[in-house]
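Read the structure below first, then the notes.
The values are calculated or read from the model by the stated rules, or taken from the named source; none is laboratory data. All figures in this text were calculated on a predicted structure; none of them were measured in a lab. Glycine gets a Cβ as well: all are built from the backbone with ideal geometry, and neighbour counts include every protein chain shown. Remember, those area values only see protein heavy atoms, side chains included, never the ligands or the DNA or RNA. Shrake-Rupley method; radii C 1.70, N 1.55, O 1.52, S 1.80 Å.
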Amino acid sequence: MSIYTLLPFLVLIAAMFLMTRSAKKKQQQASQMRNEMQPGSGVRTIGGMYATVKEVTEDTVLLDAGPGVELVFAKNAIGAVLTDDEYNRIVHGVEHDLKSDADLVPDDASSLTADAAPAGDADDKVIDLGKKDTAEDAPAAEAKTAETAEKTEAADTADVKDTEGKDAAEATTGEAPKKTDGESDAK
């Protein structure tokens with residue numbers, strides 16, 4: 001057998017070894033985390049419930065999920081042990097902020113501009129955003145109305161001529177012309 005035929009098998013074995021090694025490492029870290037739990041620490045279960053550890057035994061953990069609510073969980077059901085700051089932030093909504101209050105951004109942006117005048121000193125002009133009829137718009141509107149009237153009149157004249165042509169065709173041939181789409185007997 002040549003080395004080229006064995007090479008794919010060696011690569012597969014090496015990949016499997018590396019994958020199982022990383023999985024074992026993660027499993028050991030999780031086990032160590034669960035064994036280091038102590039009463040008073042905040043935890044998150046694998047189901048997503050947050051609680052405080054009340055008591056730790058060999059295989060189980062007694063959790064305090066709220067006033068008068070104590071739950072017994074298997075140690076394997078603990079997904080993460082949280083730091084005090086993280087637990088308080090998630091459960092109680094308490095932000096432990098190490099920054100000073102001077103770094104906060106104000107609610108309005110007036111203090112961010114250096115040369116801005118106070119809001120009360122500015123000359124407030126009322127701007128009317130409604131549509132106004134001006135003298136300039138009137139001639140344009142009249143011209144448009146005149147064009148529309150002319151088009152309507154021309155269309156009516158064409159209809160009358162078309163109807164007269166049909167009547168003349170009926171008189172000469174004695175037959176009614178054939179109907180096309182959109183025409184009816186109503187006159």
Original post:
What's the number of the condition Val43 fails, among (1) of a type in the set (Val, Ile, Thr); (2) part of a helix (DSSP H, G or I); (3) open to solvent by less than 100 Å² (accessible area, probe 1.4 Å)?
Top reply: (2)
**OP:** Filter segment 55-83 for residues that are loosely packed, with under 15 Cβ neighbours inside 10 Å, among the charged types (D, E, K, R) and part of a strand (DSSP E or B) and give the result.
**Re:** Glu55, Glu70
**OP:** List every residue pair whose Cβ atoms sit under 8 Å apart, with the two residues 6 or more apart in sequence or on different chains, where the first one lies in segment 67-83 and is farther than 12 Å from Asn35 by Cα and the second, anywhere, is among the basic types (Lys, Arg).
**Re:** Glu70/Lys54; Gly79/Arg44; Leu82/Arg44
Original post:
Looking at (1) out of contact with any Lys or Arg (no Cβ under 7 Å at 6 or more places or on another chain); (2) open to solvent by 80 Å² or more (accessible area, probe 1.4 Å); (3) closer than 28 Å to Asp64 by Cβ, which is the one condition that is false for Leu7?
Top reply: (3)
Original post:
Is one or more of the residues making up segment 20-36 at negative phi, assigned to a loop (DSSP other than H, G, I, E, B) and open to solvent by less than 100 Å² (accessible area, probe 1.4 Å)?
Top reply: no
